[in-house]
1. Let me know the volume per residue of the alpha-carbon convex hull for the range 78-153, in Å³.
2. How far apart, in nm, are two points set 7 Å out from the Cα along the Cα-to-Cβ line at ARG66 and at PHE115?
3. If we count other beta carbons within 10 Å of each Cβ, what is the order of SER35, SER94, SER15, fewest first?
Amino acid sequence: MGNKAFPLNAEIVVSAFMVAFAAAQVYAANQLSLSADYTLGPGALPMIYSIGLLICSAAVLFDSVRQGGSDGVGEKNSMRGVLCILLLVLFVASIYVVGFLFSTILFCFLFCQFFSGLGLVKNIAFSVIWGAALYAAFHYLLEVPLEPGLLFS
């Protein structure tokens, strides 16, 4: 029997994680110089983004707690929130092992498998197309060097 006074749902779990992440980013951005001679310093833009993320995620957290998990599937939904966070951690960790392209395809596939109603073939197709499109956009169009991974470097 769950706690009726404060049921968790995916919004509460994910937004609480995002508040903690944004607070850490504000702290990290504060370690950089915010101003330079006649311009903004290297920490100004990360600070602006971090404060924006902190405000938005705190607003979602506040609204989710205020509603009290009114979706009716609190325990299942909180597990989905935890699963989402675990998939993001797996994504970040796998970038350094198999590279950006393959980790993006893997993350997208797993995310679609757990959270979408699409079939296996559609999930595979979407994951490959999305991963390849992101890789092409960053690597070729924007010329951003992406991590090749330990297995492919």
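1. Here the figure is 88 Å³ per residue.
2. If labels sit at ARG66 and PHE115, their model points lie 2.4 nm apart.
3. Working: SER35 11, SER94 17, SER15 22.
The fewest-first ordering by Cβ neighbours comes to SER35, SER94, SER15.
Read the figures in this text as sums done on the coordinates, not as results from a lab. Model, not experiment: these values are computed from the prediction. Cβ coordinates were reconstructed from backbone atoms using ideal geometry, including for glycine residues, and neighbour counts include every protein chain displayed.
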